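The values are calculated or read from the model by the stated rules, or taken from the named source; none is laboratory data. Computed from a predicted model, the values in this text were never measured in an experiment. No Cβ is skipped: glycine too gets one built from the backbone with ideal geometry, and neighbour counts run over all protein chains shown.
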Ligand SMILES: Nc1nc2c(ncn2[C@@H]2O[C@H](COP(=O)(O)OP(=O)(O)OP(=O)(O)O)[C@@H](O)[C@H]2O)c(=O)[nH]1
Ligand SMILES: [Mg+2]
């Protein structure tokens, strides 16, 4: 299925059902008793996190999503049926913005997390509700309130602990395939990877107080000028925005012989051009294809410039496996260190729990009743 990481949808919650004016008929007594019931509540619209999804493609071909309207009140004091809620499944990491105001209205960060987008309309009251000792033949009722319509922009920012940034062909996907069970396409030509891929990396022997695994994201290769749209552009960099750590995957022996440190500087400036947030990320340098080092290769010429600016380097070969256990452990440790820092940028908008919104609706309903 096509990888889609942004799309537009319109959602509408259900209207509340109208209350009914009705009187029980008895012989010679046309208004024997009031029996007009309340309408039903309109259905709510929610986003629901689903860890099985990794793209917004299932929402790409449809625009309108509406919850059910509440039913009308019936005779015999029957309450109309509540409209069914609409649950829209989205991948974990989805953010919803109001297209008109640009405001963020929801963020789904966990599997099964239910976030309210639009509350259903309140039910109308039947004439039974209006009866008082001095007003026995009430002919009043209220209409249900309308549902809400919101035009949304949905964006997916994958949730990974570490993101790979590198030029095409640097060996990012090969590395992901070696450290996780992901099976990305690998080939000796640039831009093999066209969409981001995630892999879960198990870390044997890691501190068992923590979950001994992390999620790595391989994103399509970047080139100089990506922030101006060159190559595949910087479109996919958004998927690095949430990662705690960025691993720069640098080909130690590239065809064009560009020193890894120069490659790093180009990549870093593309990242910085994309977003301010990139300045704050923990960085680690992965020197790939170490198996291609000639006998007696002086690694210090490659590693020293990084050391001089305080960056740690890890040598790996995905082909022969050199350095892979060390890489897993170091990246894991860096992620743990970062996780303990408080992320002041993290903003989560979570709907009230189901019972809270229900209580709220009942209260609003009661208010409407006492406002008569
Ligand atoms: N010798 C050697 N070759 C490697 C190693 N890792 C990757 N390669 C080769 O490098 C080429 C590119 O590998 P990929 O993993 O597809 O590179 P990528 O960075 O994902 O490339 P894009 O998806 O195009 O951005 C392939 O021919 C791999 O076989 C390694 O550790 N040693
Ligand atoms: Mg690739």
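Structure notes:
Table: residues versus (1) in the same structural domain as residue 36 (by TED's automatic domain parsing); (2) modelled with pLDDT under 95; (3) more than 30 Å from residue 56 (Cβ to Cβ); (4) in a helix (DSSP H, G or I).
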residue	(1), (2), (3), (4)
70	yes, no, no, no
76	yes, yes, yes, no
92	yes, yes, no, no
105	yes, yes, no, no
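- Any chance residue 127 is modelled with pLDDT under 95, surrounded by 16 or more Cβ atoms within 10 Å (Cβ to Cβ) and farther than 16 Å from residue 156 by Cα: yes
- Residues of the stretch 60-85 classified as crowded, with 21+ Cβ neighbours inside 10 Å and closer than 24 Å to residue 110 by Cβ, total: 1
- Residue check for residue 366: modelled with pLDDT under 95, in a helix (DSSP H, G or I) and either over 30 Å from residue 121 (Cβ atoms) or not assigned by TED's automatic domain parsing to the domain that holds residue 129 (or both): no
- In this structure, residue 261 does not satisfy being in a loop (DSSP other than H, G, I, E, B) and over 22 Å from the mean Cα position of the chain (by Cα).
- Meets criteria (farther than 15 Å from residue 156 by Cα, at pLDDT 90 or above, surrounded by fewer than 16 Cβ atoms within 10 Å (Cβ to Cβ) and not assigned by TED's automatic domain parsing to the domain that holds residue 243) for residue 139: no
- Some residue of the stretch 272-284 being in a loop (DSSP other than H, G, I, E, B) and either assigned by TED's automatic domain parsing to the domain that holds residue 317 or within 16 Å of ligand 2 (Cβ to nearest atom) (or both): yes
- Number of residues in the stretch 175-190 that are part of a loop (DSSP other than H, G, I, E, B) and within 10 Å of ligand 1 (Cβ to nearest atom) equals 7.
- Within the stretch 187-217, the residues that satisfy the criterion of being touching a helix residue (DSSP H, G or I) at 6+ places or on another chain (Cβ under 7 Å) and crowded, with 17+ Cβ neighbours inside 10 Å are 192, 193, 196, 197, 199, 201, 203, 206, 214, 216, 217.
- If you go through the stretch 167-199 and keep only what is within 26 Å of the chain's Cα centre (by Cα) and near ligand 2 (Cβ under 9 Å from one of its atoms), you end up with 172, 173, 176, 184, 185, 191, 192, 193, 194, 197.
- If the condition is being at pLDDT 95 or above, away from ligand 1 (no atom under 16 Å from the Cβ) and either in a loop (DSSP other than H, G, I, E, B) or surrounded by fewer than 18 Cβ atoms within 10 Å (Cβ to Cβ) (or both), then the stretch 151-174 contributes 151, 153.
- Some residue of the stretch 287-301 being surrounded by fewer than 16 Cβ atoms within 10 Å (Cβ to Cβ), outside any loop (DSSP other than H, G, I, E, B) and touching a helix residue (DSSP H, G or I) at 6+ places or on another chain (Cβ under 8 Å): no
- Here residue 227 clears all of (1) modelled with pLDDT under 90; (2) within 14 Å of ligand 1 (Cβ to nearest atom) except the condition numbered (2).
- Options 122, 116: the member that is part of a strand (DSSP E or B), in the same structural domain as residue 68 (by TED's automatic domain parsing), within 31 Å of the chain's Cα centre (by Cα) and more than 16 Å from ligand 1 (Cβ to nearest atom): 116
- Breaking point among (1) surrounded by fewer than 21 Cβ atoms within 10 Å (Cβ to Cβ); (2) within 16 Å of ligand 1 (Cβ to nearest atom), for residue 238: (2)
- Pairing residues of the stretch 156-173 that are free of Cβ contacts under 8 Å to residues at least 60 places away in the same chain with residues that are within 16 Å of ligand 1 (Cβ to nearest atom) and assigned to a loop (DSSP other than H, G, I, E, B), at Cβ distances under 9 Å and at least 6 apart in sequence or on separate chains, gives 173/182; 173/184; 173/185; 173/186; 173/187; 173/192; 173/193.
- Single unsatisfied condition, residue 273 versus (1) surrounded by fewer than 19 Cβ atoms within 10 Å (Cβ to Cβ); (2) closer than 17 Å to residue 170 by Cβ: (2)
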